[in-house]
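I have placed the structure first, in the form of C-alpha cells, so that the comments after it can refer back to it.
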Amino acid sequence: MNHGPTDTREEPQVATVRNPAHARTHPVDPVDPEVRFERLFRRHYRELYGLAYRLLGDREEAEDVTQETLGKLAAPSAGAGQSILERPDDEVAAWLRRVCLNAGYNRLRGQRRVADRLARLRRLEPPETSTDDPPLFEALRAEEQRSVRRALAALPERQRACLLLRHAGYSYAEIAATLEIAIGSVGVLLARAERTFVEAYQGL
C-alpha cells in the first residue's frame, strides 16, 4: 500500500524529456546565452563556410554569409519570442543550414550572377593554388567548373539545395530537417534533382 506514492514520484522526471534523442544535446539546466553562442559559433563555422563556398564559389562572400548566418543566432524566433539558442542542437544545426542557404541565394539573386557563382557539384574544400598544373589543365578545369555551375543554375532552388547538401555529405535526415520536408521525400527530390542536372549538363 506504500507503493503508490513511491511510483508516482518518478513521473515528473520522465515527463521533462521531450525526446530521448535530444537528451544529450538539450540539457535541463539553462546555459548562459553568451557561452552557448560561442560554442555554436565554433562548432558550426567551418561547416557553414564550406556550404556557403560550394554555393557561391567565392571565399570572401562565403565568409560574409557565414558571419551573417551565425550572427542571427542571437535574434529571437519570429512570432514565438524564443531564442534559437534555447532549441536542441539538432534543430539549431538544421536552422543554421537553412539560413545559410537562403543568405547565399539572396546574394546570387541580388547580383544576377547565378550561373557564374554556383559551387562545383563535387564536395570540395576551397581550392589551393598550385604552380605544378600546366595552363591547359587549368583552363580545362575552369571550363568544367563553369559548366557545372550553369547546369546547377537550371535547377529549382529546393532541388539545388538538396543536391548540394547530399554531395556535401549530409544524411537524408539532416537534409529533411534543413529543407523542412519529410525524410521520405528526400530520395524523390534528390532523384529529380540529379535527373534535371544531368539533362541540363548534357544540353550545354
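Note down the net charge around Arg158, summing +1 for each Lys or Arg and -1 for each Asp or Glu among other residues with Cβ under 11 Å from its Cβ.
Spelling it out: positives minus negatives among the neighbours equals 0.
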>> Starting from 0.36 nm per residue, how many nanometres of slack lie between Val188 and Ala153 once their C-alpha separation is accounted for?
In response: 10.6 nm
> What are the ³J(HN,Hα) values, in whole Hz, obtained from phi via the Karplus relation 6.51 cos²θ - 1.76 cosθ + 1.60 with θ = phi - 60°, for each residue of region 97-108 in sequence order, with x given for Gly and Pro?
Replying inline: 4, 5, 5, 4, 4, 4, 5, x, 4, 4, 5, 5
> So between Asp64 and Arg141, what do we pick up on full extension, going 0.36 nm a residue minus the alpha carbon distance?
Replying inline: 25.1 nm
> For Ser83, which sequence-distant residues (separation of 5 or more, or a different chain) have an amide H within less than 5 Å of its own amide H, given hydrogens modelled in the peptide plane?
Replying inline: Ser77
>> Students often check this: by mean Cβ neighbours within 10 Å, which of 37-43, 96-102 ranks highest, and how do the rest follow?
In response: 96-102, 37-43
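Each reported figure results from applying straightforward, stated rules to the coordinates on display, with no laboratory input. Values in this document were obtained by computation on a predicted structure and should not be read as measured data. Please note: Cβ atoms are built from the backbone with ideal geometry, for glycine as well, and neighbour counts cover all protein chains shown.
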